[in-house]
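Here is the structure we will look at, set down as structure tokens.
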Amino acid sequence: MQLAKWAYDLAESLLADNLPQRWAHSQRVHSQALTLAPTLGEDAELLAAAAIVHDIGYARDAVDTGQHMIDGARYLRDVVEADPRLCSIVAFHTSSSWEASQLGLDDALTEFGPAEPELVDAITYCDLTSTPTGDLVDPAKRLSEVLERYGPEHVVFRAVSEARPELMARVARVRSRAEAVETKLN
């Protein structure tokens, strides 16, 4: 649990005072990651750590490219020298690949690859089940909220619109894995 505690403290120091809404969201994403622990085995703590720090790229000290997934991963790698797998999960979470493509940052994203599909699925599920204020939400409603908030001219709108089928497929895969584990345990 050392990695998760370290990550929690780091995220709190970067988000709690300056970006309280982002901090509330990150805390919910973290709690969602904890619910997936039975499906992840040895990677459960890694996912919990990634969940709490997944949005640190929004913090003033972390902004570099303007794409928060890459910026957060670079901050983790370059400033705090985090585990490369943790950096990768943050770099590839949710619609990162699509945003990077829209912004011409594909090469920057490859600094953190290859992505680990099961962990990217899991972090995406956790992210999409939390509102911006930290409430639980249905992933389809969350994606609709993102599109409404950003509008058609914004890169996030374009990326999420393109990514939506894959994002929902990630959610479905996580739910399927969780159901299979639950069935085995009962």
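The values are calculated or read from the model by the stated rules, or taken from the named source; none is laboratory data. All values derive from a computational prediction rather than experimental measurement. Please note: Cβ atoms are built from the backbone with ideal geometry, for glycine as well, and neighbour counts cover all protein chains shown. Only protein heavy atoms, including side chains, enter the accessible area calculation; ligands, DNA and RNA are left aside. Shrake-Rupley method; radii C 1.70, N 1.55, O 1.52, S 1.80 Å.
What the table shows:
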quantity: Rounded percent of accessible protein surface that carbon and sulfur make up, the stretch 64-186, 1.4 Å probe; calculated: 52 percent
quantity: Net charge contributed by nearby residues that have their C-beta within less than 14 Å of Y150 (K/R +1, D/E -1); calculated: -1
quantity: Given the chain, longest segment not containing exposed loop GluC sites (Glu not before Pro) (DSSP; at most 16 other Cβ within 10 Å); calculated: 1-80
quantity: Neighbourhood net charge (13 Å Cβ-Cβ; Lys/Arg +1, Asp/Glu -1) for I56; calculated: -3
quantity: Length gained when the stretch W6-D78 is fully extended (0.36 nm per residue, less Cα-Cα span); calculated: 24.3 nm
quantity: The stretch 144-186 and the stretch 62-122: distance between their alpha carbon centers, rounded to Å; calculated: 18 Å
quantity: Tensor-based shape of the chain (alpha-carbon gyration tensor, a/c under 1.5 rounded, otherwise prolate or oblate); calculated: rounded
quantity: Surface accessible to a 1.4 Å probe, per residue, for the residues of the stretch 138-186, Å²; calculated: 63 Å²
quantity: Normalised per residue, the volume of the convex hull around the Cα set of the stretch 15-88 (Å³); calculated: 80 Å³
quantity: Surrounding net charge for T183, when Lys and Arg each add one and Asp and Glu each subtract one, Cβ distance under 15 Å; calculated: +1
quantity: Charge dipole of the stretch 130-186 about the Cα centre (unit charges at C-beta), most positive-ward option of V174, S144, G134; calculated: V174
